[in-house]
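Visitor: My structure is below; once you've seen it, I'll send some questions.
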Amino acid sequence: MAKKLKINFGDVPEEIRRGSGRAAHVPEGDYLLKIVDHEVRTKESTSSKYISWRFTITQPKEHKGKTVYDITSLKPEALWNLRNLIHAAKGVNVAGKAVAFDPESIHGKIVAATLADDEYTQTVDGEKKTTIRSRPVDYRPKEELEADDDLETEGEEEEEVEEEEEELDEVDLDEV
């Protein structure tokens, strides 16, 4: 089992809102994404930590299997993005709580996301190269996506989530 990260969402607003990788380029729009993998990394220049996520598109069918990447910063002012991803995957709003979060606990989950074009330039062998990739700009529960009747959610681990109002300072997301 992977090491859990202790993250304090105490100052993150409770409102779940839309907000924001690299790889495949698909038309902008709404997609269902399966969370496939993650890696906790540290940005060398600032020593700040972030989680790099890998997703595969499950819907629409014409883009099924393509890979999309995103990052969620662990800086306090950027935790709203990780909060939105956790909410989309587990149906739990962690705002205002300190949690022990195992990123592997959401592997296999299907989330809805809006993908937008993200253009970036890099220097390769002394030449500037511009690339356009698709990148999630928001996360929400898959039920919020008005998609085809034949949604592909194979491989997703279904979990019942009890909707309880808890006044806890620390929550283990694996127990939810």
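Visitor: Going through region 123-141 one residue at a time, which ones are among the hydrophobic types (A, V, I, L, M, F, W, C) and touching a strand residue (DSSP E or B) at 6+ places or on another chain (Cβ under 8 Å)?
Guide: In the first step, residues of region 123-141 are kept if they are among the hydrophobic types (A, V, I, L, M, F, W, C); the result is 124, 132, 137.
Ile132, Val137, listed by residue number.
Visitor: Here is a follow-up. Output the residues belonging to region 32-87 that are assigned to a strand (DSSP E or B) and hydrophobic (A, V, I, L, M, F, W, C). First the steps, then the outcome.
Guide: Step one: filter region 32-87 for residues assigned to a strand (DSSP E or B), giving 32-42, 49-59, 67-73.
Those that are assigned to a strand (DSSP E or B) and hydrophobic (A, V, I, L, M, F, W, C): Leu32, Leu33, Ile35, Val36, Val40, Ile51, Trp53, Phe55, Ile57, Val68, Ile71.
Visitor: Which of the residues belonging to region 91-133 are closer than 19 Å to Leu79 by Cβ, under 12 Å from the mean Cα position of the chain (by Cα) and hydrophobic (A, V, I, L, M, F, W, C)?
Guide: Of everything in region 91-133, those that are closer than 19 Å to Leu79 by Cβ, under 12 Å from the mean Cα position of the chain (by Cα) and hydrophobic (A, V, I, L, M, F, W, C) turn out to be Ile106, Val111, Ala113.
Visitor: Report yes if some residue within region 1-14 is more than 24 Å from Lys142 (Cα to Cα), crowded, with 18+ Cβ neighbours inside 10 Å and either modelled with pLDDT under 90 or in contact with a Phe, Trp or Tyr (Cβ under 7 Å, 6 or more places away or on another chain) (or both); otherwise report no.
Guide: So the first thing to find is which residues in region 1-14 are more than 24 Å from Lys142 (Cα to Cα), and the list is 1-8, 10-11.
Still in the list and also crowded, with 18+ Cβ neighbours inside 10 Å: 7.
Now restrict to residues that are either modelled with pLDDT under 90 or in contact with a Phe, Trp or Tyr (Cβ under 7 Å, 6 or more places away or on another chain) (or both): 7.
Yes, there is a match, as at least one residue in region 1-14 is more than 24 Å from Lys142 (Cα to Cα), crowded, with 18+ Cβ neighbours inside 10 Å and either modelled with pLDDT under 90 or in contact with a Phe, Trp or Tyr (Cβ under 7 Å, 6 or more places away or on another chain) (or both).
Visitor: For Ala88, which of the numbered conditions (1) at pLDDT below 95; (2) closer than 16 Å to Thr114 by Cα; (3) among the hydrophobic types (A, V, I, L, M, F, W, C) fails to hold?
Guide: So the condition that Ala88 fails would be (1).
The values are calculated or read from the model by the stated rules, or taken from the named source; none is laboratory data. As the structure is a computational prediction, the values presented were derived from the model and not from experiment. Every residue, glycine among them, receives a Cβ derived from its backbone with ideal geometry; neighbour counts consider all protein chains shown.
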